[in-house]
Amino acid sequence: MKIFEVKDHAPSLLPDGYDFELVWSDEFDGDTLDETKWDYRLCMMGKRHPAWTDKGVKIENGCAVFSIFEENGEIVSSQLQTGYNFMDQPVEKTTFGRDHLQWQIGKLHENKFTHKFGYYECYCKLQQLPGWWSAFWIQSPIIGASLDSKKTGTEIDVMECFKPDGTIAAHNAFTGGYGLDMHRAKVGGKQVDPSEFHYFGFLWLPDKYVFYIDGVEDGVITDHLSHTEEFILISTETKGYRHEDHLPTEEAKATAKAGDVFLVDHVRVFDIK
């Protein structure tokens with residue numbers, strides 16, 4: 001890996017053998033979230049998610065600070081995204097023609113940043129307590145709209161941490177949407193020190209995805225390749241709401257009372273010249 005210096009900020013660790021150009025970044029300077037770059041993700045698969053809030057991120061000391069807390073009787077945290085999945089928004093009642101037909105698609109939104117091939121990096125410090133998880137990933141706005149992932153994209157999970165011990169789950173590539181045609185490839189995963197900041201990177205090439213943790217390669221996926229632009233997500237989520245009862249776990253309740261944070265120092269995207 002080679003070091004890419006950024007003035008007054010932590011450097012990037014970039015794969016050898018390529019000439020990179022920085023094309024997008026957020027260093028989380030200042031004291032408010034840059035809403036020209038990010039939106040809060042509040043809905044999933046056509047429903048407003050009860051545990052996602054637009055009040056769970058603060059900008060402090062050059063970091064995006066994600067927190068977990070109680071809000072209106074729910075245990076909530078935040079997800080940030082630079083674009084939108086067209087299936088996420090709830091469907092409002094509309095009519096089409098005399099037959100009053102209704103497509104199951106909600107209101108569409110403009111994406112703030114989408115990109116494809118290149119290197120994506122997040123430098124972050126993981127959560128310290130149980131009951132919630134963190135992730136850095138990308139998704140196509142039209143994932144699952146066809147059987148051809150090159151045209152309609154994939155979900156690519158660069159970092160997911162479900163436990164407070166620093167266990168990084170396998171890197172995933174999901175294609176075919178989230179229904180009967182969903183397919184998954186996975187690779188890698190390792191343990192890191194949760195008390196320190198770590199680099200999580202992803203090299204997206206036309207013929208493969210290469211994953212990195214702290215500048216060390218952690219696996220290659222050559223299936224489910226996307227050749228379409230996708231958007232970035234930094235997310236946290238309370239455990240329990242995806243269970244049948246849709247309620248927070250006792251660990252999540254305890255962590256919300258105690259207080260915990262997930263810190264993101266920067267997110268950067270590089271093109272290959």
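Which one is farthest from Cys124 (Cα to Cα) among residues in region 232-254 that are buried (at least 21 other Cβ atoms within 10 Å of the Cβ) and not charged (D, E, K, R)? I'd like the intermediate steps shown before the answer.
We begin by selecting, within region 232-254, every residue buried (at least 21 other Cβ atoms within 10 Å of the Cβ); these are 232-234, 236-238, 248, 252.
Narrowing further to those that are not charged (D, E, K, R): 232-234, 236, 238, 248, 252.
Values: Ile232: 15, Leu233: 13, Ile234: 10, Thr236: 13, Thr238: 19, Pro248: 25, Ala252: 21 Å.
So the residue we want is Pro248.
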Q.
Restricting to region 150-168, name every residue that is surrounded by fewer than 23 Cβ atoms within 10 Å (Cβ to Cβ) and farther than 26 Å from Glu27 by Cβ.
A. Lys150, Lys151, Thr152, Phe162, Lys163, Pro164, Asp165, Thr167
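Go through Val264, Val216 for me and flag whichever is crowded, with 21+ Cβ neighbours inside 10 Å, over 27 Å from Lys150 (Cβ atoms) and of a type in the set (A, V, I, L, M). Please lay out each step first, then the result.
Values: Val216 fails: crowded, with 21+ Cβ neighbours inside 10 Å.
Unique residue meeting the criteria: Val264.
For (1) part of a strand (DSSP E or B); (2) loosely packed, with under 12 Cβ neighbours inside 10 Å; (3) more than 19 Å from the chain's Cα centre (by Cα), each residue gets a yes or a no:
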| position | (1), (2), (3) |
| --- | --- |
| Ile3 | yes, yes, yes |
| Gly17 | no, yes, yes |
| Val23 | yes, no, no |
| Gly30 | no, yes, yes |
| Thr36 | no, yes, no |
| Lys58 | yes, no, no |
| Phe66 | yes, no, no |
| Glu70 | yes, no, yes |
**Q.** Any chance Gln104 is assigned to a loop (DSSP other than H, G, I, E, B), surrounded by 18 or more Cβ atoms within 10 Å (Cβ to Cβ) and touching a residue at least 24 places away in the same chain (Cβ under 8 Å)
**A.** no
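Taking the condition assigned to a strand (DSSP E or B), of a type in the set (Asp, Glu), farther than 20 Å from Asn111 by Cα and touching a Ser or Thr at 6+ places or on another chain (Cβ under 9 Å), does Glu217 pass?
Details: assigned to a strand (DSSP E or B): yes; of a type in the set (Asp, Glu): yes; farther than 20 Å from Asn111 by Cα: yes; touching a Ser or Thr at 6+ places or on another chain (Cβ under 9 Å): no.
No: the conditions fail for Glu217.
Among the residues of region 110-157, which ones are polar (S, T, N, Q), part of a loop (DSSP other than H, G, I, E, B) and in contact with a Leu (Cβ under 8 Å, 6 or more places away or on another chain)? Walk me through how you get there before you give the answer.
Going residue by residue through region 110-157, those that are polar (S, T, N, Q) are 111, 114, 127-128, 134, 139-140, 146, 149, 152, 154.
Narrowing the set further to residues that are part of a loop (DSSP other than H, G, I, E, B) leaves 111, 114, 127-128, 140, 146, 154.
Within region 110-157, just Thr154 meets the criteria.
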Q: For Gly259, state whether it is surrounded by fewer than 22 Cβ atoms within 10 Å (Cβ to Cβ) and in contact with a strand residue (DSSP E or B) (Cβ under 6 Å, 6 or more places away or on another chain).
A: no
Q) Only one of (1) under 14 Å from Ala173 (Cα atoms); (2) in a loop (DSSP other than H, G, I, E, B); (3) without any contact (Cβ under 8 Å) to a residue 40 or more places away in the chain; (4) aliphatic (A, V, I, L, M) is not met by Leu247, so which one is it? A) (1)
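Since every read-out is calculated from the coordinates, none of them should be taken as a lab result. A quick note: this is a predicted structure, and the numbers were derived from the prediction, not measured. Quick reminder, even Gly has a Cβ in these numbers, built from the backbone with ideal geometry, and neighbours come from all protein chains shown.
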